[in-house]
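K.L.:
One structure, pasted below without further comment.
Throughout, read-outs are computed from the coordinates displayed, never taken from laboratory work. These figures come from a predicted structure and were not determined experimentally. Positions of Cβ are generated from backbone atoms using ideal geometry, with glycine treated the same way; all protein chains shown enter the neighbour counts.
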């Protein structure tokens, strides 16, 4: 009876998410047309690159939208407003930062868009949700972890993936954090789960994974990396295994094949795994003797952690993308 009740409850939750999704689509049905003002020296290629679009893909559409205001085939008028093509594949649209408890969405990259270029389509039709686990006493993200998350997003985007970075307001901006109690922690995780599940349904049919960064102690130069997964998730185990193998290749010293991978044994991981539709994997960074005994020791700065784990991510996608 208990199992039957849990099954009915899960179906009811999925029903509510689907209803919410249709409501969201109805509200966002209006087409939004973005514009840009041309600066001195701008051409169609530079305008599209600065907007995070592939010029080769969107050149013709841009020309058709703005033909009356284009001179000699490609010259733009300084100070003139131009329409931008609808480009779901642009870096601006594929990379989104979400402030969860304020329901704010904005591009991960804006001014840096012109510096991004697609490397390949290795991760096309994949969606990654990257979040920072509120495991530190103040709940705020460290500079190292923030740099990792930004670099990770970049590495994924240039390989054609869609990326969501989820974050909460800082402890100074969010008065609810002053309580710092267990109930608030679960409430915040519930908000994260709700946002991810809505996006999951919007991207239904794509390969989707949740990556959680958990920094327990960032003071040491060398640190240990441990990859954990939910015991009941085959997809989570597969990704964790591929990440662990990749990280072992860059270890500071020879590492046992069983080190650096484990199942969730903390409240945060278990809660996320049970409440999020996509498989969840946690990357833990720690230091100290106990942490180094359990995890894979990595030299800070020798190899960027984001690039270090891309091998594992790409391998897992190649092996398991057909299964969603």
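K.L.:
Take the alpha carbon gyration tensor of the range 213-288, find the square roots of its eigenvalues, order them as a ≥ b ≥ c, and report rounded if a/c is under 1.5; if not, report prolate when a/b exceeds b/c, else oblate. Numbers along the way, then the final one.
P.N.:
Working: a/c = 2.61, a/b = 1.45, b/c = 1.80.
Cα axes put the range 213-288 in the oblate bin.
K.L.:
Distance between Cα centroids, the range 97-132 to the range 244-290: provide it in whole Å.
P.N.:
Rounded to whole Å, the Cα centres lie 23 Å apart.
K.L.:
If I take R0 = 41 Å and measure r between the Cβ atoms of residue 77 and residue 54 in this structure, what FRET efficiency does the formula 1/(1 + (r/R0)^6) give, to the nearest 0.05? Please report the intermediate quantities before stating the final value.
P.N.:
On the way: r = 24 Å, r/R0 = 0.57.
Calculated transfer efficiency: 0.95.
K.L.:
Take the Cα pairs of the range 35-83, get the Kirkwood Rh, then feed it into Stokes-Einstein at 25 °C and 0.890 mPa s and tell me D in µm²/s.
P.N.:
Details: Rh = 10.5 Å.
The Stokes-Einstein estimate is 233 µm²/s.
K.L.:
Sort 74-87, 304-317 for me by packing, meaning the mean count of neighbouring Cβ atoms within 10 Å per residue, highest on top. List each step's numbers first, then the result.
P.N.:
Values: 74-87: 15.4, 304-317: 19.6.
Answer by packing, highest mean first, reads 304-317, 74-87.
K.L.:
Order of 113-124, 149-160 by packing, highest average Cβ count within 10 Å first? Please report the intermediate quantities before stating the final value.
P.N.:
Values: 113-124: 14.5, 149-160: 20.2.
Taking the mean over residues of other Cβ atoms within 10 Å, the ranking is 149-160, 113-124.
K.L.:
Here is a further query. Contour minus end-to-end for residue 254 and residue 45, with contour as 0.36 nm per residue of separation and end-to-end as the Cα-Cα distance? Intermediate results must be reported in sequence, preceding the final value.
P.N.:
Values: separation 209, 0.36 × 209 = 75.24 nm, distance 4.82 nm.
Extra length from residue 254 to residue 45 when fully extended: 70.4 nm.
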